[in-house]
Amino acid sequence: MSDVVSSAGEPVVITVRKNGSFGVVGNVRLVDHEGNEIPRINDKPTIALCRCGHSARKPFCDGAHKAAGFIDPPDAAESTGAHAPA
């Protein structure tokens, strides 16, 4: 499997944050279902994307998952007894 690489040559990394947002690091363009670019709300190198559905700034995270009590589903490895690849 090949890495997704940003235009700067660095890999784009998406982190599933425990009980929180998706953290996206890298030079990415965020577009809606019609292909329209969604402008970033700041110029930070990391984008936090909502995963709980409660953010008032969707698709961006505003921290609403904390008040909503969002909790991750069990990890696949935990629920099946399997181990994640190293």
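F60's amide H: which non-local residues (gap 5+, or another chain) put their own amide H closer than 5 Å, with H modeled 1.01 Å from N in plane and none for Pro or chain starts?
C50
Quick one: Karplus J couplings for region 59-70, per residue in order, coefficients 6.51, -1.76, 1.60, θ = phi - 60°, nearest Hz, x for Gly and Pro?
x, 7, 7, 10, x, 4, 4, 5, 5, 7, x, 4
Considering all alpha-carbon pairs of region 1-71, what whole percent are spaced by more than 13 angstrom?
Numbers: 1671 of 2485 pairs.
That fraction is 67 percent.
Which order results if V13, V31, V24 are arranged by neighbouring Cβ count within 10 Å, fewest first? All intermediate terms of the calculation are to be shown ahead of the outcome.
On the way: V13 13, V31 10, V24 16.
Taking fewest neighbouring Cβ atoms as first place, the list is V31, V13, V24.
Read the figures in this text as sums done on the coordinates, not as results from a lab. Just so it is clear, the model here is predicted, and its values are computed rather than measured. Quick reminder, even Gly has a Cβ in these numbers, built from the backbone with ideal geometry, and neighbours come from all protein chains shown.
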